[in-house]
Amino acid sequence: MCTLGIYLNSCKEDETFTVFPTPVWRAEANPDYSVSMTATVVLPANLATYMQPEDQMAAFVGEECRGLAYLVDNIYYLLIKGSPGEQPQISIRYYSSRNQYMYTTDAIITFEADGVYGTTDNPVTLPLSIINK
């Protein structure tokens, strides 16, 4: 995209990112996952502005979905399942239905039975990065 005006001759290519189909995330029932923890999170301001009811969020251990988020009053609530005694690292993925982009966090949560990550009064703002393949 070229910008004219004060900044004559300054051209910048539009950034393009990978577009993803709507994900079909499922947290499969697993009898080994008898304990859980909760995460109460919000999107960073730059993404919250464009949030849609059709957006999706889920918690993952590697590629395994361990919990789906539910949106209530701009706050996402996740119930993350696990096994007693395990402490895997949890990452969170967010799908924006508006732009069809996928975002992810690093492994930011250590699973802990009955653990709490954020609250309704103090939700954690997710440090999301766009996935570009």
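The values are calculated or read from the model by the stated rules, or taken from the named source; none is laboratory data. Only a predicted model underlies this, so the values are computations on that prediction, with no experimental measurement involved. Quick reminder, even Gly has a Cβ in these numbers, built from the backbone with ideal geometry, and neighbours come from all protein chains shown.
Here are a few things to note about the model shown:
- C11, sole failed condition from (1) surrounded by 17 or more Cβ atoms within 10 Å (Cβ to Cβ); (2) at pLDDT below 95: (1)
- Qualifying residue in segment 34-45 (condition: at pLDDT 95 or above, loosely packed, with under 15 Cβ neighbours inside 10 Å, closer than 19 Å to D106 by Cα and not basic (K, R)): yes
- Residues of segment 38-74 that turn out to be part of a strand (DSSP E or B) and not hydroxyl-bearing (S, T, Y), as a count: 17
- Within segment 21-37, the set of residues being touching a Phe, Trp or Tyr at 6+ places or on another chain (Cβ under 7 Å) and either aromatic (F, W, Y) or in a strand (DSSP E or B) (or both) comprises just one member, M37.
- Residue check for R93: at pLDDT 95 or above and in contact with a Lys or Arg (Cβ under 8 Å, 6 or more places away or on another chain): no
- Residue check for Y117: surrounded by 12 or more Cβ atoms within 10 Å (Cβ to Cβ), of a type outside the set (D, E), in contact with a strand residue (DSSP E or B) (Cβ under 8 Å, 6 or more places away or on another chain) and closer than 28 Å to V19 by Cβ: no
- Boolean, I108 is modelled with pLDDT under 95, surrounded by 15 or more Cβ atoms within 10 Å (Cβ to Cβ) and either under 12 Å from the mean Cα position of the chain (by Cα) or more than 23 Å from N132 (Cα to Cα) (or both): yes
- Pair list, Cβ < 6 Å and 6+ apart or interchain, from segment 40-63 residues that are at negative phi and touching a residue at least 60 places away in the same chain (Cβ under 8 Å) to residues that are among the hydroxyl-bearing types (S, T, Y) and in a strand (DSSP E or B): T40/Y77; V41/Y76; V42/T125; P44/T125
- Residue match in segment 66-73 (condition: over 21 Å from P123 (Cβ atoms) and surrounded by 15 or more Cβ atoms within 10 Å (Cβ to Cβ)): no
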